[in-house]
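Report on the structure given below.
The values are calculated or read from the model by the stated rules, or taken from the named source; none is laboratory data. Keep in mind it's a predicted model, so treat the numbers as computed, not measured. No Cβ is skipped: glycine too gets one built from the backbone with ideal geometry, and neighbour counts run over all protein chains shown.
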Amino acid sequence: MRIVFAPGTHIDTKGEKVSRFLLMASETEREPAGSIIRSARKRRGWSQEKLAETLGTSRTQVIRWEGGRGYPGDAYRTKLAVVLDIDPVLLRRVEPTPNELRSLEDRLRDLETKLAELQSRLHIV
């Protein structure tokens, strides 16, 4: 896992003292957002109901996030970061949604077609 320190973080010359820091794994290696929310909530000793109440949302929504069946939007990501003291970047969706995936696949097919056309014009195989 690659560790990245957030801006403003510093370590003294002996590497012993660290100011407030946020750790994040690289995009492909990081823990799922739901696991991060669950761990941070449990670290606080909060129930799903308490977290939902604090955020102004439903327990069902918290269950969805923790179960990986949904991702918090920008507003909730910010609130979660504040109340659970975690980096909001860690709560971003990494995987594309089915619609995003279809759109990417369509775009890739378009690009492949254009490339094939260019190659045939230039007689490149």
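For the range 83-101, the criterion of a residue being surrounded by 11 or more Cβ atoms within 10 Å (Cβ to Cβ) and either among the hydroxyl-bearing types (Ser, Thr, Tyr) or more than 28 Å from the chain's Cα centre (by Cα) (or both) is satisfied by no position.
Leu101 - would you say it is assigned to a helix (DSSP H, G or I), at pLDDT below 85, in contact with a helix residue (DSSP H, G or I) (Cβ under 7 Å, 6 or more places away or on another chain) and over 19 Å from Thr54 (Cα atoms)? Write out each step before concluding.
Working: assigned to a helix (DSSP H, G or I): yes; at pLDDT below 85: yes; in contact with a helix residue (DSSP H, G or I) (Cβ under 7 Å, 6 or more places away or on another chain): no; over 19 Å from Thr54 (Cα atoms): yes.
So Leu101 does not fit the description; no.
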